[in-house]
Every structure is written in C-alpha cells, then in structure tokens.
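The values are calculated or read from the model by the stated rules, or taken from the named source; none is laboratory data. Nothing here was measured: the structure is a model prediction, and the numbers come from that model. So basically every Cβ, Gly included, is an ideal-geometry build from the backbone, and we count neighbours across all protein chains shown. Accessible surface areas use protein heavy atoms only, side chains included; no ligands, DNA or RNA. Shrake-Rupley method; radii C 1.70, N 1.55, O 1.52, S 1.80 Å.
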Amino acid sequence: QVQLVESGGGLVQAGDSLRLSCAASGLTFSNYFMGWFRQVPGKERECVGWISRSGIVTWYRDSVKGRGTISRDNTKNTVFLQMSSLKPEDTAVYYCAARGGVISSTTPGDYTYWGQGTQVTVSS
C-alpha cells in the first residue's frame, strides 16, 4: 500500500521560511517524479513544482521561483519543499504527489499517488 505523508505545515508570518517534508512508502521511490501542489478553497489545485526521479531536474511555477526549492533523498524516500520569503498568498493546503513514467507533468490528474495534505497559513 502506497502512502505519502506530508509534514511541516503550520502558521507562519510573512517573510518567514518553511520546510515541508513528504515521506513515501510502499513504492520504489526513485522511480517516481515527485510533485508539490497546493490548493485553496474554491480554486483548482496548482503545481508548485516537481523534481525528477534522480533529483537533478526541478521545475517551479513562476510565483515560487527564487523562493522555493524542491529536493529529495532517495535513500530515505523523502521529498522536501523549502519555501522562503513566504507571502499571505502562499496560504494553502500543500500536497505531495508521485508520478511514474519518464515524463514530468504539472497536471494533478497525471499523478497517481497523493498525500493527505498539510496546511500552510501565512499571516501578514
């Protein structure tokens, strides 16, 4: 049974930094692209960024570029999202997701496995 478990969310102030973690089990972690997504009520889930299977390649949405860093530790089956200079508009539930295959994607429907999400709230 595949499980993705996010942690590290919470209430922070604008300008602070936060590190989210996602621990995976039940899958061959290094075979999967890992994505970070976020969603606010009433809006579509959006891709914050993804990281390739090896960890060499990453992609970030424009609003996160320069403030977000995704990394992974394939020996510990864990992926991270480091966010700095947080803004109130970063407030959302953050999800990690796993996608098999050899092609990356920013589309939620292309990801097979999902975590339960962790709330990040940034106060102004």
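Annotations
- In a simple Cβ point-charge model (Lys, Arg +1; Asp, Glu -1; nothing else charged), the chain has a dipole of about 180 debye relative to its Cα centre.
- When peptides 53-61, 77-85 are sorted by average Cβ neighbour count within 10 Å, with the highest value leading, the order is 77-85, 53-61.
- Ordering Leu11, Leu86, Thr121 by Cα displacement along the dipole of the chain toward the positive end leaves Leu86 in first place; charges were set at the Cβ atoms of Lys, Arg (+1) and Asp, Glu (-1).
- With 0.36 nm allotted per residue and the present C-alpha distance subtracted, the Lys65-Lys43 stretch has 5.8 nm of extension available.
- Å² per residue, accessible surface of the chain at 1.4 Å: 50
- Sparsely packed loop sites in the stretch 36-124 (the GluC sites (Glu not before Pro) outside DSSP H, G, I, E and B with at most 16 other Cβ atoms within 10 Å) comprise Glu44.
- Expressed as a whole percent, the proportion of Cα-Cα pairs in the chain lying more than 26 Å apart is 13%.
- Counting protein heavy atoms only, the stretch 1-52 has 44 percent of its accessible area on carbon and sulfur, 1.4 angstrom probe.
- Averaged over residues, the count of other Cβ atoms within 10 Å places the peptides 62-68, 20-26, 5-11, 90-96 in the sequence 90-96, 20-26, 5-11, 62-68, highest first.
- Using a simple spin-label model with pseudo-atoms 7 Å out from Cα toward Cβ, Lys76 and Ser52 lie 2.3 nm apart.
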